[in-house]
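The structure under discussion appears below in the form of structure tokens.
The values are calculated or read from the model by the stated rules, or taken from the named source; none is laboratory data. Only a predicted model underlies this, so the values are computations on that prediction, with no experimental measurement involved. Neighbour counts are summed over all protein chains in view; Cβ atoms, including those assigned to glycine, are modelled from backbone coordinates with ideal geometry. Ligands, DNA and RNA are excluded from the accessible area calculation, which covers all protein heavy atoms including side chains. Shrake-Rupley method; radii C 1.70, N 1.55, O 1.52, S 1.80 Å.
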Amino acid sequence: MLSRLGLTARYALMINGTMLAVIIVLGALFVIKLQSTSHDIREQSTAALHSSLTQQIDQYGQSITDVLAERMVNPLYALDMRALLIRLQETQDMQGVAYAFVVDNDNNVVHDGTSHIETYGRPLQVAILQLHADLELVGVHEVRTPIALAGEQLGAIHIGVSLQSAMAEGMAIDNQLATLMNSRIRDVVVEVIGYSLVMLILGLLLATVIARRFARPIRQLADYARDVGHGRRDAPPARERADEIGMLAQSLGAMSEDLRLSAGEAEYLAYHDSLTRLPNRAQLKRTLRESIARSKVDEQMLALLFIDLDEFKQVNDTLGHEAGDEFLTVVASRLTDCLSVWNDANDSGATLARLGGDEFTVVMRHVRDAAETEKLAAAILRTLSEPIEAKGHAFAIGASIGITLSPRDGDDLNVLLRNADRAMYRAKERGRNTYCQFDKSMDGTATRQLSLEADLRDVLNNHDLKLEYQPIVRAATGEVVAVEALCRWHHPVLGYVQPSRFVQLAEQSGQIEHLDQFVISQLTADLRDLNDAGFTRLEAAANIASLHHKDPMIIEHIAERLDHHNLHGSRLRIEVREKSIMRHLERAALATGKLADLGVAIWIDDFGTRIATLKHIDVLPISGIKIHSDFVDGISTGKNQRIVAQAITDMCHNLDLPVIAEGVEHQPQLEYLQAINCDYAQGYLFARPMPLEALISYMKRQQKGNDEGLVVLREHTGQVVP
């Protein structure tokens, strides 16, 4: 019953129950001693709480920056401003985060989490001071973590964690302690005045009881608050009390639980895929590393299955990336159900992870033999054989699965991943929708890399690559003003090879200039045929990757081909990627200057995806800007993408530069581009890439359309390619 009363009532009963008086002088000395003790306790508690809260906030901020630094590696290395924007906005939305910046190695701002990036290029401290002035920020704890790739620092993530909550909580606790102590002191003083001078010993005993009952719980709570910062997560002492100390203990317990949940959420996001909620690449590596270590102790085999969906590109190309995400979610659900059934039937511990894109992996533990892994692979293929519906369309695609065993094929994490990847590509070479066990004949990269390089060299020598063309229209009227040449390679075994893959292969194998020369040769020949068909003012664009090379031969080749076909340079547009220009600005300026002398227009492709600014345009003869399709894709759903698209358009118009928006797939996107006065548009809304003969037919139909309104022709039904 006594424990249910407050401290004030409890001490009053204790004092009144003694029926003894303490000498006034000794009582006064006791009060002085009690005040001194209370003051010391308060200072110790306040210092411990302040230190603990600050340390917890620092660890909270460090956990955020550690996770964010790992997720920022690829976007910062690829200079993907959109991805950086998304990551920073997610961080700024987290509880307690006042601001977040990505900076380069010179401590200059790369991204500040806003769409306009007004602080871009400014020193970090200047940006922070401005932010403090604008937002009147007070009490911000700064945390910084480097962003590094393969030991090389790319920059750093810098966040500010607000201390206001901690300061308010600390002040509240301090005020509560002060009020509690002052209240007790006043009660003691009142009671001491009426005490008798008879029982000195009982008075001293009473002082001891009060000190023990009053100070010990507070000291224990101060120690607990300090230990929370070092990872302590058990219940605080005195939590069961119903008085003010019990309330303080419950508050500390709630604070500890909140910190635990926040740390758990950050850890979950670091090790799980945001789309499918499956373990991601980082979690896979951790799981695989632990499984390898356990298999060595248990002397049992484990297997790694690498699953790559066949022809998944058709889903994205036909219905867009939103439908592709829906498709991947269904695939992940089917694979999860398949493994659940397998584990129940075989008492196994197979786990699923998503590496990214359309790639999944399965780690099998306690494998008896290779045949067991093939049974699971066959079950997975059956699971994926049924059509999957996305956006009202059903797609039946299979998967290619590579299988590797440990320790048979190796006992190193990276070796197993590489082996499974190679076996998967061997499965694709065998016709897809099958599985393949790794064997030693697949070692090295010769199995596909060298073979593919040789195949690329052959098709370049034999001119077996093809060009397809996608129209570029005037956004306001639908008039076709130009076409973009897109190179296509249909491999006899692998089927359609993505341009990004064989262009990268050409760069790595030194064949990129040969590839660029093929594109220019075929493009100028096709322009001549377009002239013969009556389209004498139509311009053609091509993306050239070797323009920034030292002494590029492509410039002389362009001049020679234009002269050979009696074409003026103004009929040709050369598109260069923003990344290449920024990395090789001096070479790019020299090369583009020579092309400008030929009358060839230079356009910046994929603008907005790298760390580039329009200030570089004054040293380059740029004729126009092409907005990256990521911004156009987000126009229908994201306010930030609309703002970025309009900002780029307005900036370019202020510099008298026209703008092309690529990747236009939906009417609302076109209407928004028209509203912001975007000059030109390109995308599936108008036409897909098509061979030259189909382009000529398309142009003739377009000429018969209504010149006063936008003409959208969808008759061409050629192969869907990106």
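Observations on the model:
- Whichever residue in the stretch 534-554 is modelled with pLDDT of 90 or more and open to solvent by less than 40 Å² (accessible area, probe 1.4 Å) and, among such residues, is farthest from Lys700 (Cα to Cα): Ala542
- Look at the stretch 642-655: where a residue is over 18 Å from Leu85 (Cβ atoms) and a partner is assigned to a helix (DSSP H, G or I) and hydrophobic (A, V, I, L, M, F, W, C), sitting 6+ places away or on another chain with Cβ atoms under 8 Å, you get Cys652/Leu614; Leu655/Leu614; Leu655/Ile617.
- Condition check for Asn640: more than 18 Å from Ile472 (Cβ to Cβ) and under 23 Å from the mean Cα position of the chain (by Cα): yes
- Restricted to the stretch 644-658, and to residues there that are surrounded by 14 or more Cβ atoms within 10 Å (Cβ to Cβ), more than 22 Å from His111 (Cβ to Cβ) and touching a helix residue (DSSP H, G or I) at 6+ places or on another chain (Cβ under 9 Å), the residue that is modelled with the lowest pLDDT is Leu657.
- Yes/no for Ile86 being under 24 Å from Ser274 (Cα atoms) and surrounded by 20 or more Cβ atoms within 10 Å (Cβ to Cβ): no
- Strands (runs of 3 or more DSSP E) lying entirely in the stretch 301-402 (those with 1 or more residues that are touching a Gly at 6+ places or on another chain (Cβ under 8 Å) and among the small types (Gly, Ala, Ser)): 388-390
- Those residues of the stretch 412-436 which are open to solvent by 30 Å² or more (accessible area, probe 1.4 Å) and modelled with pLDDT of 90 or more, in sequence order: Thr434, Tyr435
- Condition check for Glu386: acidic (Asp, Glu) and out of contact with any strand residue (DSSP E or B) (no Cβ under 9 Å at 6 or more places or on another chain): yes
- The residue of the stretch 340-389 that is farthest from Ser406 (Cα to Cα), among those that are surrounded by 15 or more Cβ atoms within 10 Å (Cβ to Cβ) and of a type in the set (Ser, Thr, Tyr), is Thr383.
- Residue within the stretch 671-692 that is part of a helix (DSSP H, G or I), farther than 16 Å from Val480 by Cα, at pLDDT 90 or above and not aliphatic (A, V, I, L, M) present: yes
- If you go through the stretch 486-504 and pick out every residue that is within 22 Å of Leu547 (Cβ to Cβ) and open to solvent by less than 10 Å² (accessible area, probe 1.4 Å), you end up with 3.
- Condition check for Asp409: open to solvent by 40 Å² or more (accessible area, probe 1.4 Å) and not aliphatic (A, V, I, L, M): no
- Any chance Gly478 is surrounded by fewer than 16 Cβ atoms within 10 Å (Cβ to Cβ), at positive phi and in a loop (DSSP other than H, G, I, E, B): no
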